[in-house]
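Presented below is the structure to which this report refers.
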Amino acid sequence: QQQVKQSPQSLIVQKGGISIINCAYENTAFDYFPWYQQFPGKGPALLIAIRPDVSEKKEGRFTISFNKSAKQFSLHIMDSQPGDSATYFCAAGGSARQLTFGSGTQLTVLP
Amino acid sequence: SQTIHQWPATLVQPVGSPLSLECTVEGTSNPNLYWYRQAAGRGLQLLFYSVGIGQISSEVPQNLSASRPQDRQFILSSKKLLLSDSGFYLCAWARTGINQPQHFGDGTRLSIL
């Protein structure tokens, strides 16, 4: 019940295209959904986060879409750039002060 | 501003040797602190978290332990390392409270020979 399922495992997109990464959760007690970006050899960095009282949040080229009834949320990267090539993790948190992470998506943006 | 430091950046240890990884946070008080392990190409596995000095919660039974001797210091230890302990160890901090974002250090790459 604590699992967060993330797909796809890897994604290749052309420069300027849209990258879409999906996550699904089971625990209805989760009420905080952050996305992290990780470059090789570095720790994950918080990219954007959403709470279930809104269905969409946009920050620059990054958008989170949230579907509470389906227990799914996704990250959209518009106008993808080679510098966006990294591993992306979704996560879900609740009252336990902990985050449950997805397994990660390795994004490659071709020039 | 807040910063988090982890050291060493890389470490190569023989099987059976002890381990001590240190993490410190600056610019905040009474943070929640976390230790994660990340296997190659995998997600993050929460190992320990702490909400205060001397308060440690363990998520995964194993031969690792954690301690928080000071407010902004978090230490990951082992008395005898196993081959399976190899991985990328990450420390993170968050402000006190529910659903605060976690901020990660740059990790320690641990290789066991």
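A few notes on this one:
- Within segment A:15-29, not a single residue is within 14 Å of chain B (Cβ to nearest Cβ), surrounded by fewer than 19 Cβ atoms within 10 Å (Cβ to Cβ), under 13 Å from A:A91 (Cα atoms) and touching an Asp or Glu at 6+ places or on another chain (Cβ under 9 Å).
- The single condition from (1) part of a loop (DSSP other than H, G, I, E, B); (2) without any contact (Cβ under 8 Å) to a residue 40 or more places away in the chain; (3) within 30 Å of B:L11 (Cβ to Cβ) that A:L46 fails is (1).
- Residue within segment B:90-105 that is surrounded by 18 or more Cβ atoms within 10 Å (Cβ to Cβ), within 11 Å of the chain's Cα centre (by Cα) and farther than 21 Å from A:P44 by Cβ present: no
- Scope segment A:72-111; condition in a strand (DSSP E or B) and among the aliphatic types (A, V, I, L, M); matching residues: A:L75, A:I77, A:A86, A:A91, A:A92, A:L99, A:L107, A:V109, A:L110
- In segment B:73-87, the residues that are out of contact with any Asp or Glu (no Cβ under 8 Å at 6 or more places or on another chain), part of a strand (DSSP E or B) and surrounded by fewer than 19 Cβ atoms within 10 Å (Cβ to Cβ): B:S77
- In segment B:44-63 there is no residue matching the filter, namely being surrounded by 15 or more Cβ atoms within 10 Å (Cβ to Cβ), farther than 30 Å from A:C23 by Cβ and of a type in the set (S, T, Y).
- Applying the criterion of being surrounded by 22 or more Cβ atoms within 10 Å (Cβ to Cβ) and aromatic (F, W, Y) to the residues of segment A:65-111, the residue that is nearest to the other protein chains (Cβ to nearest Cβ) is A:F101.
- Given (1) of a type in the set (A, V, I, L, M); (2) within 12 Å of chain A (Cβ to nearest Cβ); (3) in contact with an Asp or Glu (Cβ under 8 Å, 6 or more places away or on another chain), index of the condition B:A94 fails: (3)
- Qualifying residues in segment A:94-111 (those that are over 13 Å from the mean Cα position of the chain (by Cα) and small (G, A, S)) - the one modelled with the highest pLDDT: A:G94
- Segment A:54-64: number of residues that are of a type in the set (A, V, I, L, M, F, W, C) and surrounded by fewer than 16 Cβ atoms within 10 Å (Cβ to Cβ): 1
- Within segment B:12-43, the residues that satisfy the criterion of being within 14 Å of chain A (Cβ to nearest Cβ), surrounded by fewer than 21 Cβ atoms within 10 Å (Cβ to Cβ) and of a type in the set (A, V, I, L, M) are B:A39, B:A40.
The values are calculated or read from the model by the stated rules, or taken from the named source; none is laboratory data. Everything numeric in this text was worked out from a predicted model, so none of it was measured. For neighbour counting, all protein chains shown are included, and Cβ atoms are generated from backbone atoms with ideal geometry for every residue, glycine included.
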